[in-house]
C-alpha cells in the first residue's frame with residue numbers, strides 16, 4: 001500500500017490508518033483486547049463526524065510522512081532503512097494528531113498514553129515523534145523534554161532522537177546535536193533530557209514532554225511539574241510510553257485507572273469523559289491468557305515484526321515450568337500489574353443496561369445488604385429480590401454521602417456525584433457524616449411506597465452500630481440479621497456465582513451508574529487455594545467498591561437462605 005512517489009514514501013490519499021486498523025481488528029486479522037477494540041471503534045466512528053471536532057486527514061498523516069521519509073533505523077539488520085511504521089503505530093499517530101477543534105483549529109488531544117509490553121519499539125516511536133515535534137510540527141520555539149526519574153532513563157529517548165537526527169543528512173544539517181541538548185536554530189528549538197533529580201524543574205516552558213517508563217515514578221510530583229510547565233502553550237503534547245511495573249498506587253496506577261474510565265465511558269451517555277487524553281492500553285483481558293499464543297498479540301501489537309515471537313515463546317515455556325518466572329513475565333511481557341490482585345470483570349461482563357419499574361413488577365419480599373464504610377465516605381444500601389417464574393437476580397441500590405464532602409469527593413474520585421444526586425441514585429446527608437436514619441428511611445420508603453418487605457439483612461459488622469442493629473431488629477426481627485464475614489472463605493463462592501450470573505446477563509441492577517462504577521473498580525484477591533474476595537483496584541481509596549460490597553452481602557445471604565426465600569416468592 002505504501003509507495004515511493006516524487007521522492008517520498010506515501011500512502012494513497014484515501015487510505016485511512018485509523019479505519020484500516022479498526023477494520024483489521026473487526027475482521028480478526030489483528031487480535032486486540034477489549035480496551036483497544038473499544039477505543040478504535042470510537043475513533044473510527046469519529047473520523048466521519050464533523051461537529052465540535054473533525055478529522056483532518058492531512059494533519060493526521062503529516063507526522064507519518066515525516067517519520068517515514070526523514071528517519072532511518074540505526075541498528076540491526078534494518079540499519080539505514082526507512083523507519084516504516086506499523087499499522088497500529090500509524091493509527092495511534094493519526095488519531096492523536098488528526099482530530100481538530102472546528103473553531104480554534106487546535107488539536108483535540110493533549111496527552112497520548114501508550115501502555116504496551118516491552119520490546120514493542122515504544123522508545124523508538126517516542127523518539128521519532130519527538131524529532132517530528134522539534135522539526136516539523138510548526139510550534140514556534142519548540143521546547144521538548146524527555147522525562148524520567150533517573151537521568152539515565154531520561155536520556156534513552158533523547159539519545160535515540162540524536163541517533164535519528166545524525167543518521168539523516170536533511171535533519172543533521174539543520175540541528176546542533178550536543179551532549180545534553182539538541183538545538184534547532186531555524187525555529188529556536190531545544191530538546192533536553194530531564195530527570196527528577198534535576199535542578200531545572202522550576203520555571204519550565206515546554207510544548208512537548210515524553211515520560212518514558214511511567215511505572216517507575218513513585219508519585220505524581222514529576223508528572224505534575226512537567227504538565228504545569230506546559231500551561232503557556234496552546235496545544236502541548238504529553239507523550240507517555242510505559243510498560244506495567246512493580247510500583248503500586250503511584251502515578252502509573254492513577255493514569256491507568258483514568259484510561260480505563262475514559263474507555264469504559266466512550267459509549268455510555270453519562271460515562272467519564274476527558275477529550276484531552278487519548279489512551280491505548282495493550283494488555284491481556286484476563287490474567288490467564290498468557291498461556292495461549294493466540295492471545296499474546298493483545299499486549300504485543302508488534303509481535304513477529306518488532307518483537308521476536310520465538311523468544312517470547314521460550315519465556316512462556318520456561319514460566320509454565322517455573323512459577324517464580326511468571327510474575328515478571330506477566331508484568332513486562334503481557335502488561336499485567338504485579339500483584340496477587342486482578343480486575344474482576346471486563347466492561348462487557350458487567351455492562352447490563354436492562355431496567356425495571358417497581359410499579360410494574362411488584363416484588364413482595366427482599367433481602368437487604370449494607371456496606372456502611374466510613375461515615376464520611378460513600379455508604380451503599382441495597383435490596384435483592386426475585387420474582388415468580390423468573391430466574392433473574394434483581395438488585396436495587398441507594399447510595400449515601402455527607403453533603404459537606406460532595407465537592408471534595410467529585411474532585412478526588414473524578415466521578416459526577418452531583419449528577420447522580422440529581423438523578424436520584426445518591427442521597428446527601430446534611431453535615432459531615434452519613435446519618436443512619438437516612439439509610440433507615442430508604443428501607444422504610446420501599447415498604448411504604450412499594451410494599452416490599454425485607455425478610456433478611458446481610459451486613460458487614462464493621463461500622464454497623466448497635467443503634468442501627470436495634471432499629472433493624474425492631475423492623476424485621478433480630479434473628480433475621482446476619483453478619484457477613486468479609487473474608488475469602490465466606491465470599492469466594494458467592495463472588496464466583498455472581499460473576500457467572502453477570503456474564504450470562506442474568507442480573508438486573510436497574511442500570512444504576514454508581515453500581516456499575518463500583519463493579520468496574522472491583523479487583524479480586526486470591527489465596528493459595530484459589531478462594532477470592534473483593535478488593536479495591538490499584539488506585540486505592542479513590543476507587544469505591546461499596547456498591548459491590550453491599551450487593552455481595554445480600555447475595556451471600558440469599559445463597560445461604562435460598563430455599564426459605566424462594567418458598568416466599
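The values are calculated or read from the model by the stated rules, or taken from the named source; none is laboratory data. Nothing here was measured: the structure is a model prediction, and the numbers come from that model. Glycine also receives a Cβ, built like all others from the backbone with ideal geometry; neighbour counts cover every protein chain displayed.
Exactly one residue out of 204, 194 is surrounded by fewer than 23 Cβ atoms within 10 Å (Cβ to Cβ) and either not in a helix (DSSP H, G or I) or not assigned by TED's automatic domain parsing to the domain that holds residue 110 (or both): that is 204.
The residue pairs whose first member lies in the stretch 38-53 and is more than 17 Å from residue 271 (Cα to Cα), whose second member is part of a loop (DSSP other than H, G, I, E, B), and whose beta carbons are closer than 7 Å, counting only pairs six or more residues apart or on different chains, are 47/16; 52/102; 53/102; 53/108.
Which one of 36, 25, 18, 61 is under 27 Å from residue 174 (Cβ atoms), assigned by TED's automatic domain parsing to the domain that holds residue 106 and in a helix (DSSP H, G or I)?
Details: 36 fails: under 27 Å from residue 174 (Cβ atoms); 25 fails: under 27 Å from residue 174 (Cβ atoms); 18 fails: under 27 Å from residue 174 (Cβ atoms).
Every option except 61 fails the conditions.
Assessment of the stretch 259-281 against the conditions (free of Cβ contacts under 8 Å to residues at least 40 places away in the same chain and either part of a helix (DSSP H, G or I) or farther than 24 Å from residue 43 by Cβ (or both)) yields at least one matching residue. Of these, 157, 177, which one is in contact with a helix residue (DSSP H, G or I) (Cβ under 8 Å, 6 or more places away or on another chain), surrounded by fewer than 19 Cβ atoms within 10 Å (Cβ to Cβ) and in the same structural domain as residue 213 (by TED's automatic domain parsing)? Just one listed residue meets the conditions, 177. Report yes if some residue within the stretch 400-416 is free of Cβ contacts under 8 Å to residues at least 60 places away in the same chain, part of a strand (DSSP E or B) and out of contact with any strand residue (DSSP E or B) (no Cβ under 8 Å at 6 or more places or on another chain); otherwise report no. No. Within the stretch 252-264, the set of residues being touching a strand residue (DSSP E or B) at 6+ places or on another chain (Cβ under 9 Å) and buried (at least 21 other Cβ atoms within 10 Å of the Cβ) comprises 252, 255, 256, 259, 260, 262, 263. Annotation note: of 253, 219, 212, the sole residue that is within 22 Å of residue 165 (Cα to Cα) and within 24 Å of the chain's Cα centre (by Cα) is 212.
Considering the stretch 105-130 alone, what residues qualify as being more than 26 Å from residue 190 (Cα to Cα) and surrounded by fewer than 23 Cβ atoms within 10 Å (Cβ to Cβ)?
Quick first cut of the stretch 105-130, residues more than 26 Å from residue 190 (Cα to Cα) only: 115-120.
Result: 118, 119.
Scanning for something crowded, with 21+ Cβ neighbours inside 10 Å and either farther than 21 Å from residue 72 by Cβ or not assigned by TED's automatic domain parsing to the domain that holds residue 192 (or both), does the stretch 160-167 turn up at least one residue? No; the residues of the stretch 160-167 include none that is crowded, with 21+ Cβ neighbours inside 10 Å and either farther than 21 Å from residue 72 by Cβ or not assigned by TED's automatic domain parsing to the domain that holds residue 192 (or both).
Regarding residue 20, is this residue in contact with a strand residue (DSSP E or B) (Cβ under 6 Å, 6 or more places away or on another chain), at pLDDT 95 or above and surrounded by 15 or more Cβ atoms within 10 Å (Cβ to Cβ)? Judged against the criteria, residue 20 is not a match. Being more than 24 Å from the chain's Cα centre (by Cα) and buried (at least 16 other Cβ atoms within 10 Å of the Cβ) is the filter; apply it to the stretch 402-424 and report the residue that is farthest from residue 382 (Cα to Cα). Across the stretch 402-424, the extreme among qualifying residues is 405. When residue 6 is tested against the conditions (1) on the phi < 0 side of the Ramachandran plot; (2) surrounded by fewer than 15 Cβ atoms within 10 Å (Cβ to Cβ); (3) over 31 Å from the mean Cα position of the chain (by Cα), the lone failure is (1).
Considering each residue of the stretch 207-244, count those that are assigned to a loop (DSSP other than H, G, I, E, B) and in contact with a helix residue (DSSP H, G or I) (Cβ under 7 Å, 6 or more places away or on another chain), and give that number. Result for the stretch 207-244: 6. Restricting 293, 269, 297 to those that are surrounded by fewer than 17 Cβ atoms within 10 Å (Cβ to Cβ), at pLDDT 95 or above and not assigned by TED's automatic domain parsing to the domain that holds residue 424 reduces the list to 293.
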